[in-house]
Amino acid sequence: MKKEGFWSKDWFFGLVIVIVVFALSVTTNFFSALETRAYDWGVSATSKPVSDRIAVIAIDDQSIANLGRWPWSRDIHAGMIDKLAGAKAKVIGHTVFFFEPQLDPGLQYINKLLGVYGKGAAPVEDAATALKGRPAPLASSNPIVAEMGPILLEAEQALNTDRRLAESLKNAGNVVLPLNLGASEIQPNGRPDKPLPDYVKGSVVAGASGGGIFASERPGYPIELLGNVAASVGDLSLINDVDGGVRRDITTVDFFNTQQFPSLALAIAAKSLNLGAKDIKVVPGESVTLGNLRIVTDSAGLMFPYFYKDLGPSKPAIPIDSFFDVYSGKIPAAKYQDKIVLIGATAGGIGQQTVTPIGTLSAVETLAHSVSSILQQHFFRTPAWGVWVKLAALLLVAAYLIAVLPRLRAGPAALISLGVLVLLFGAHFGLMMGSGIWVQLMLPAAMLVIGHLLLTTKRFLVTERGKEQSELAGAESNRMLGLAFQQQGQLDMAFDKFRKCPVDEQVLENIYSLALDFERRRQFNKAESAFAYINQHDPKFRDVAERMNRAKAMSETIILGGSSAARGAQATMMLTGAGEKPTLGRYTIEKELGKGAMGVVYLGKDPKIGREVAIKTMALSSEFEGDELQEAKDRFFREAESAGRLDHPNIVRIFDAGDEHDLAYIAMEFLKGKDLVDNTKIPNLLPFDEVCDIFEKVASALHHAHQQGVYHRDIKPANIMYDPEAKVPKVADFGIARVTDSSKTKTGMVLGTPSYMSPEQLAGKRIDGRSDLFSLGVSFYQMVCGRLPFQGESMTQLMFAIANEKHPDIAGFNPSLPAWVQDFIDQALAKDV
C-alpha cells in the first residue's frame, strides 16, 4: 500500500517529467529548434543602423526579362564592372561563380580555324594568342588567305567573353570573386582531387589551421584567366542550422589542416579597408582579427552576424537596385562612388534563398548583412559562461518541479511559475538586446511550462473522473447537436460532436453520412479522417475501407487552389484514373484545357443534357479575404452577367456561372479551333481575303456588344478564336468587360494588353467602344503584315509610341495590300478618338 502511494506522489511525477524532458533534449532536435526560434525573436527585437557604405545590385526578374535568359554572356558582367570601376566604387563583390570557361559554339569554330590557319603552330585553345604579331604562314602563296588572319583574330577577340571579363577585372583592380570550398562542419576523410592554383593560394590568411569549418575534396574556384586578375577570392558557403535556417556565417575555411581561406564577406571587408589576406589573423575557436577589428567566433570558427531589419514594407535595410537599371543607365553609376557594391542573383530559380531571423533573403543580401556586421562590429556571441548559466537554470527549474510545485495550491503555483518564466525570457531577451549575448535558456523555460502543465493536468484529471458518468449522460445531446450542425453545413463542428459520443451503430451511421458530405464538397482529406474513424472501430462497416482508400487517393491527386510566390491565383485540378472525376456545380470535369485570363480552363460536361462546355475558374479565396473576397465575387458575377447578355454568332456564348467551395467558375461554349496568335507571324499569315472576312465578323460582334453597353477592353488575336474549317471567328474573354454606368466604372482604371491598348486606355481615361476599334485596328495591322504597329524596348517606350508616334506605313511591310488598307489603318489608329 505504501509502495503504491510512492508511485502516485506529485514529486515523483515531477522527477519523471524532468528526466523525460532532459532525455528528449539530448535525443531530439525539438529543443534546439526552440532555442534557435527564440534567437530569431531576439534578433528581430533589436535595432541597429546598417552601414551606409554597402549597396546591392540585384540580378532580378526584371534584368532577366530585359537582358536575356540566364546565364548571361560574360561581356554583360564585364560591362557592369566597367561602369562601377569608372564610378570609382571602393570594392566590387561578385557572387556569380565563374568556374567554367564560356565556350560559345562560334568561338570554338574560330579557334579551330585559327589552328588550321597557323598550320598547327599552336594548340587550338591558344591559337589566337600564338598567332598575334606573326605573319600568315600562307601569305606568300595566297594573299586572300593572308587577309583572313586579322579577321579571324578580330572575331576571336569579339567572341572570347572570358578575356573581355578578365580585362574588366584587371582594369578595375578591386573585384573580389567567390570560391566554393564546400564548407562543412564535418571534416572529409580524403584529400583534394588536385592542388589549388596559385591565385587561390594567394588568399591564405595568417594564423593556425585546424578550424571547425572544413573544405570538401572537390573545391570550386574561378577559371585561371579570371582568378589571376581578381583582387582576391573568398568562400561563399552557407551553414544551415537544424531547422534549415541561416544564423551563423563562416569566417574562414580550413583546407585539409594546411591552410585557412577567408569567407567572401571577410575578403570584401578586408579589401574595403585596404587590407590583404595576410592581415587576417585566426585564433581557432576564439576569434578572427582584421586590422583593428575583432570578430568573436564560436568553437567552429563561425560568427553570429547581425541581421538588419527592413525600414518599411518595400524598403529593405540595404539598398537594392536592379542590374538592368544600372546597366542601362537608368540609375547612374556615380551613385556607387566609394561604395562596397555586391552583385548577386535574386531572381526566382537562379538565386539561392535562405531563411534568416528576419525572413527569407537571397545569398547576396545575406552577404551584405555579414559585411556590414564585420565593418560595424555588430555581432551576437555565445560566451563560455553561458553553458553554466543554462545548467544552473535547469537545476533550479528541476528543483522547483520536484520539491516546490507539488506543495503549492493552484493559484500561487500559477503565479510563481509565470514569474520564473518571465524571468527566463527577460534574461534571454535582455542579454540579446542589451549586450548582444545569446544564452540558451529555452530548455529550462520549456521544462518549466511542460512540468507545470502536466502536474496541474494530473491533479485536474483526478477530479474529472467523477464527471465521466455525467459526460456519458450527455452523449445523446452531442449526437443531436452533431446532426443539427450537419444540416447547417457546419461539418467540422458536426464531426467534433459525433466523436464525443460513445461508438455504436447509430453514431457510425451518422459519421458515414457526414463523410459523404465531405466528399461532395471535395474535402477529401476530411472525408478520409471520417472514414478512418469508422474503420478504427468497425473495419467491416459497409464499404468503409474502400471509401477510405479512395478518399486518401483523391486527397493526394486532386488539388483545388492557387499558386503562390508570383501571386497569380490559378485554380488547378489534377486527376488520376484511379479516382472519381470531380465536379463543379452540376458539371463533371473531364480534363484541363489550359490557362486563361482568369485561371485554369477545363473541359466539362453537363450530365443532364450531355453538352460539353469550357469552364473557366478562379480561386478567389486564395487571393482575397473578408469584404475584399465578397467584392471580388460580386465583380466576377457582374462580368459573367455582362458577357451572358450578349447573343451574337461571333461571340462565345455564356451558359452558366457559379461558385462552389473555394472556386468561382463560368461555363461557356466549347469551341473547336484555336486563337489567332500563330497567324500573326510570317510565314503563318492567313490570306488577305480571309483576314478581312474574320475582322468583318469580329467588328459585327463588337458592334453588338457596344449596343448593349459592354466594352471588351482587351481585343487582340489571343482573344479571337477561329475555326478554319467553318470559317467562323468568335470573340472570347469578355471576362474583363464592364457595364459602363457610373456606379460600376471608375476613371483611372487601366485594363488590357499594352501592345493593343488605345491612347485613352493608357491614359486611364473613361473609354467607350472606340477603344475596342483601336485595338481591332492594331490586330488587323499585325494579321496582314506580321508585325505590331507600335513597338518599344521597354514598357515606357511602348506606351510613349502608342500615345505619340504615328504608326509605320503598312505598305512598307506588305506592298501587295490594296491602297484602301492604309486609309482604313490610318482611321482606326488615329490618336484622337
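At-a-glance table
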| read-out | value |
| --- | --- |
| Residues whose placed amide H lies under 5 Å from that of Ala89, excluding near-sequence neighbours | Asp338 |
| Backbone HN-Hα couplings from phi across segment 62-73 [Karplus 6.51/-1.76/1.60, Hz, Gly and Pro as x] | 4, 5, 4, 5, 8, 9, x, 4, 7, x, 7, 5 |
| Computed label-point distance, nm, for sites His537 and Phe429 using a 7 Å Cα→Cβ extension | 4.5 nm |
| Derived scalar couplings ³J(HN,Hα) [segment 784-791; Karplus, 6.51 cos²θ - 1.76 cosθ + 1.60; whole Hz; x for Gly, Pro] | 9, 10, x, 8, 7, x, 10, 9 |
| Size of electric dipole in segment 230-351: Cβ of Lys, Arg +1 and of Asp, Glu -1, about Cα centre, debye, nearest 20 | 380 debye |
| ³J(HN,Hα), Karplus 6.51/-1.76/1.60, whole Hz, each residue of segment 22-38, x for Gly, Pro | 5, 5, 5, 5, 8, 9, 10, 9, 4, 6, 5, 5, 5, 5, 5, 5, 5 |
| Extension gain, Ser44 back to Ala484 (0.36 nm per residue minus Cα-Cα distance, nm) | 153.7 nm |
| Protection proxy ranking of 278-289, 444-455, 246-257 - average other beta-carbon atoms within 10 Å, highest first | 246-257, 444-455, 278-289 |
| Mean Cβ count within 10 Å, highest first, over the residues of peptides 369-375, 533-539, 317-323 | 369-375, 317-323, 533-539 |
| Two-decimal ratio, segment 218-313, of alpha-carbon radius of gyration to 2.2 N^0.38 Å | 1.17 |
| Efficiency of FRET from Cβ geometry, Ser184 and Ile223, R₀ 22 Å, rounded to 0.05 | 0.35 |
| Cβ-derived FRET efficiency at R0 56 Å, Glu696 paired with Val242, nearest 0.05 | 0.25 |
| Spacing of the two label points (7 Å from each Cα toward its C-beta) at Leu516 and Asp310, in nm | 5.0 nm |
| Sites Phe99 and Ser299, calculated FRET efficiency, Cβ-Cβ separation with R0 45 Å, nearest 0.05 | 0.90 |
| Zone residues, segment 386-403, relative to Thr456, backbone N less than 20 Å from point 7 Å out along Cα-to-Cβ | 397-403 |
| Protection-proxy order for peptides 15-26, 775-786, each taking the mean of Cβ atoms within 10 Å per residue, highest first | 775-786, 15-26 |
| Amide hydrogen neighbours beyond the local backbone of Phe256, cut-off 5 Å, H modeled | Ala215 |
| Simple spin-label estimate for Val422 and Gln337 in nanometres, 7 Å along Cα-Cβ | 5.6 nm |
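Every read-out reported here was derived from the displayed coordinates using simple, explicitly stated rules and does not represent laboratory data. A quick note: this is a predicted structure, and the numbers were derived from the prediction, not measured. Glycine also receives a Cβ, built like all others from the backbone with ideal geometry; neighbour counts cover every protein chain displayed.
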